[in-house]
């Protein structure tokens, strides 16, 4: 119910919205602005076993699957157990009527991929901004999903992403214009570069031109398909040693197809030159420095497919397979560059009621370097999620 509030009740309402995680998703009005509070609390517990080493305390790969972090070339050290609530999420959406139209603002936070915090005593972790954007008429301005990505094609997995190897995934600042089935965006650029001969990743931060993305969506009774194209520049300036810019481009095709009354198939395919950070959580850098101090793009491609089956009103399962392939010139990158990654997972989810879900998921993953060295991961995960 939407109602006018006194100043005192507004203050109390704001305190309740911010402080009470058990509140149901709802809308209230504050000075004509409708405010909706939503999100979820998620508890994760997982057993991870690696064939060629282990991940140290605080490593992001222990919180969720990151293809480039599967250990390679070490000794197996037995299974590791981790439990956390870092994926829990808070979202605040406001809608304000303006001149016969409305302005929508979204701020969303969680606790993943942030510094600070550990498992010794308090398990305290720093919140981070996921989304912070404004929507008005056909325009979206702020930080949100890249237009090159299709969130509706992501599978339902207990892992934070699931089909990570074979998808485009990024959130960043953008200015997007939508016209019917078309979307056009200018997005924040960033170049990730491999030094000549290999070594640590260089995050250049030297771009002067925004990334350009265009996407077309076709919807039908059977589902949808999206085709997106990306054009951008990789740029790196390191005084006199390197000062170069090279063009980069890629294409992504994604979709969701209904199967019967409740099941569906979700898929993603991408390929390009210099995709870098957009693909498989930056499994490969966008470019590499040549012997004469120039930049050269690195080709990559990937795909993912997932089948969602609803057993009955309470039980459902998801089966996914995803793969990434890099095509680095080892004369430039060295043999430590990633050649391929892949993962498979299956889960069984039980819907306790409309708000609470519990489930289990088993995943296997593999990473191979250009040298031929490889390693794999087996992970068993259990989760409970309360959506509000």
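Laboratory data are not the source of any read-out in this text; all were calculated from the coordinates shown. Since the structure is predicted, the reported quantities are computational estimates derived from the model, not experimental observations. Virtual Cβ from ideal backbone geometry, glycine too; neighbours counted across all protein chains shown.
Just a few scattered comments:
- Cα centroid of segment 80-158 to Cα centroid of segment 51-69, whole Å: 23
- Residue 122/residue 362 FRET efficiency (R0 41 Å; Cβ-Cβ; nearest 0.05): 0.85
- The stretch between residue 388 and residue 175, if pulled fully straight at 0.36 nm per residue, gains 73.7 nm over its current Cα-Cα span.
- Modelled label reach - residue 218, point 7 Å along Cα→Cβ, segment 171-196 residues with backbone N closer than 15 Å: 181-182
- Sites residue 107 and residue 151, calculated FRET efficiency, Cβ-Cβ separation with R0 25 Å, nearest 0.05: 0.90
- For the chain, alpha-carbon Rg relative to the globular expectation (2.2 N^0.38 Å, N residues): 1.05
- Prolate/oblate/rounded call for segment 250-372, Cα gyration tensor, a/c under 1.5 rounded: prolate
- Gaussian network model of the chain, springs between alpha carbon atoms under 10 Å - residue of 373, 304, 365 with greatest fluctuation: 373
- Shape class of segment 189-291 from the alpha-carbon gyration tensor: prolate, with a/c at 1.5 or above and a/b greater than b/c.
- In this calculation the C-beta distance from residue 352 to residue 57 is compared with R0 = 30 Å, giving a FRET efficiency of 0.40.
- When peptides 181-194, 93-106, 253-266, 115-128 are sorted by average Cβ neighbour count within 10 Å, with the highest value leading, the order is 181-194, 253-266, 93-106, 115-128.
- For segment 46-134, the pair-distance distribution built from all alpha carbon pairs, in bins 5 Å wide starting at 0, is 3, 12, 18, 16, 13, 12, 8, 6, 5, 4, 2, 1, 1, 0 percent.
- Summed over qualifying helices (DSSP H, 4 residues or more, each -39500 (n - 2.57)) and divided by its residue number, the chain shows a 222 nm mean residue ellipticity of -1000 deg cm²/dmol.
- Gain in span if fully extended, residue 310 to residue 114, counting 0.36 nm per residue against the direct Cα distance: 67.1 nm
- When each of the peptides 37-48, 60-71 is scored by the mean number of other C-beta atoms lying within 10 Å of its residues, the order from highest to lowest reads 60-71, 37-48.
- Packing rank of 351-361, 271-281, where each peptide gets the mean count of other beta carbons within 10 Å, highest leading: 271-281, 351-361
- An oblate overall shape is assigned to segment 122-163, the ratio a/c of its alpha-carbon gyration tensor axes (a ≥ b ≥ c) being 1.5 or greater and a/b not exceeding b/c.
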